[in-house]
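Structure first, commentary second.
Every read-out reported here was derived from the displayed coordinates using simple, explicitly stated rules and does not represent laboratory data. It should be emphasised that the depicted structure is a prediction, and the values quoted were computed from it without experimental measurement. Reconstructed Cβ throughout: ideal geometry from the backbone, glycine too, with neighbour counts over all protein chains shown.
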Amino acid sequence: MIRRSVMANRLRVIRPRPILRRCRGDAFKQNNHDHRICKVLGSIYKFMGNIAPAAEHVLHEQKLERLAEVAVRVGLGLKIGQELVMTASIDSLSLARRITEHAYRAGASLVTTLYSDDSAALMRYRFAPNESFDRAPNWLYEGMAEAFKNGAARLAITGSDPLLLSNEDSEKVGRSNRAVSVAYRPALELITRHEINWTIVACATPAWASAMFPDDHSDVALAKLWDAIFETSRINHEDPVANWKTHDANLHRRAAYLNEKRYTALQYTGPGTDFRLGLADDHLWIGGGTTAGNGIYCVPNLPTEEVFTTPHKDRAEGTVTATKPLSFQGTMIEGIQVRFERGLIAQASATRGQDVLEKLIDTDEGARRLGEVALVPHSSPVAHSGLTFLNTLFDENAASHIALGRAYSGCLRNGEKLTPDQLAAKGANDSLIHVDWMIGSDNMDVDGITASNVVEPVMRNGEWV
Ligand code: ZN
Ligand code: ZN
């Protein structure tokens, strides 16, 4: 699971948009309308020859509408009178405004959206003094924590350019990430402990689409990314809210099965991987939605395909190889291979972005240990799409994964009530970071090991047994 999205950005070439006769702007809310999508879908459907030109526009708007509805009704479960704090990039306006509308219609008392801007984020790296990179807007994060304590829900729209900071000084990137982690911690803790209802949903943006589909014209890339988001976010159904409820129930059933088994460890076997990971004492498998401390049922990640729990921070042994690149706050890390000894990273390498990986695991002592283990079948819609989204919200749902850093106390029995020392005694890791990386594939076998050392198959070739 991921708990926040970075609002990252990039410099864009602003091209004049052509005037499109097919767009019936008057029939829709102008502000929410993205003509580029209309244009591209128009040419695709025209080519198919079976959908009237106006229909393409209706179709996209309909899906956007459904995504916003699912975000508010399934993701947040927003309650009448509740405040909502939302973060979004200015490239996500179309979705942010739809969500705002749905939130108010669901009875939100106040929706506050903090918008970020690509160009502004890069200007810091161009023009700010060196000391800037140790700073974060503490007052802002304190305000967010205050809002959450007073009952606000939290929604993040993800969609940043995964390559935004890939050419920037990794030392500065690391320092600024650290400053944000420290400042955000009090607010993030309320999210980690599920004290409030929260969710993350994706919006296609030109920069993200171009990073994913570099060979396509930007308009085509954007339309392809929207299609992929709608499909993997399970929006392409007559009644997506009902479809989500069924999917959520299936995840809960899978987690219940693993909780009944009470494995002490998982053994992973696959190309470049021979790895045994102990599970924390009193670990609890979780999947799908959850009832937050404020009593509201929410589904924190859209999409979500994983069941996950807390590994034991001192019980990881062997070598594990990543099966997908890791996009870490603007930088791509590829070909990660890590060897663990008694839970601690003894050796870590990457074919690309090794310096960023090293800075990441040097964040603090807990950054060299694991805080999450998640199982995802290879047949999940994200894996089925065959795409690498360069965004953890999606890519973590394409494959089984583990996370460096902080554990979720919610993945332990009565974890929310334990002190940091008690959590550590059960094997739960602590760190400023929590970074998921993908280790599953259709070549990966996973076995569960019981307390009496019986080995049972859990996954074969990436699918549930
Ligand atoms: Zn995670
Ligand atoms: Zn996860």
* Asked: Relative to the first principal axis of the alpha-carbon coordinates of the chain, what is the inclination of helix 35-48, with its axis defined by its Cα atoms, in degrees from 0 to 90 and to the nearest 10?
  -> 90
* To do: Show the residues, 5+ positions off or on another chain, whose built amide H is closer than 5 Å to the amide H of Ser116.
  => Ala88, Ser89, Ile90
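Can you give me the relative contact order of the chain as a percent, contacts being Cα pairs under 8 Å and 6 or more apart?
15
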* Using Cα atoms only, what is the angle between the long axis of helix 240-261 and the major principal axis of the chain, expressed in degrees (0 to 90) to the nearest 10? -> 0
* Asked: Where Rh is the Kirkwood radius over the Cα pairs of the chain, the temperature 25 °C and the viscosity 0.890 mPa s, what D in µm²/s does Stokes-Einstein return?
  -> 108
* Structure fact -> In debye to the nearest 20, the charge dipole size for the chain, taken about the Cα centre with +1 at each Lys and Arg Cβ and -1 at each Asp and Glu Cβ, equals 1000
* To do: Convert each backbone phi in the range 439-455 into a coupling constant with the Karplus relation 6.51 cos²θ - 1.76 cosθ + 1.60 (shift: θ = phi - 60°), then list the ³J(HN,Hα) values in order as whole Hz, x for Gly and Pro.
  => 10, x, 6, 6, 10, 9, 10, 10, 10, x, 10, 7, 4, 9, 6, 7, 9
* Using per-residue counts of other Cβ atoms within 10 Å, averaged over each peptide, order 256-269, 434-447 from highest down. => 434-447, 256-269
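Relative contact order of the range 260-464: what whole-number percent is it, with Cα pairs under 8 angstrom and at least 6 residues apart?
25
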* Packing rank of 63-71, 171-179, where each peptide gets the mean count of other beta carbons within 10 Å, highest leading -> 63-71, 171-179
* Asked: So how many Å³ per residue does the convex hull of the Cα atoms of the range 296-358 work out to?
  -> 136
* Asked: Out of residues 5 or more away from Ala153 or on other chains, whose amide H comes under 5 Å of its own, with H placed 1.01 Å from N in the peptide plane?
  -> Glu83, Leu84, Val85
* Structure fact -> Once normalised by the length of the range 254-315, the mean sequence separation of its alpha carbon contacts under 8 Å that are 6 or more apart gives a contact order in percent of 34
* Structure fact -> the range 116-179: spread of alpha-carbon positions along the three principal axes, whole Å, largest first, is 39, 26, 17
* To do: Could you work out how far helix 218-232 tilts from the main Cα principal axis of the chain, as a 0 to 90 degree angle to the nearest 10?
  => 50
* Asked: Can you tell me the Rg and the Dmax, both Å, for the Cα atoms in the range 214-274?
  -> 18.7, 50
* To do: List every residue whose amide H lies under 5 Å from the amide H of Thr158, counting only residues 5 or more places away in sequence or on a different chain, with H placed 1.01 Å from N in the peptide plane.
  => Val201, Ala202, Cys203
* Residue-by-residue Karplus 3J(HN,Hα) for the range 84-93, coefficients 6.51, -1.76, 1.60, Hz, glycine and proline x -> 10, 10, 10, 10, 7, 7, 5, 7, 10, 3
* **Per-peptide average of other Cβ atoms within 10 Å, ordering 376-385, 304-313, 85-94 highest first** => 304-313, 85-94, 376-385
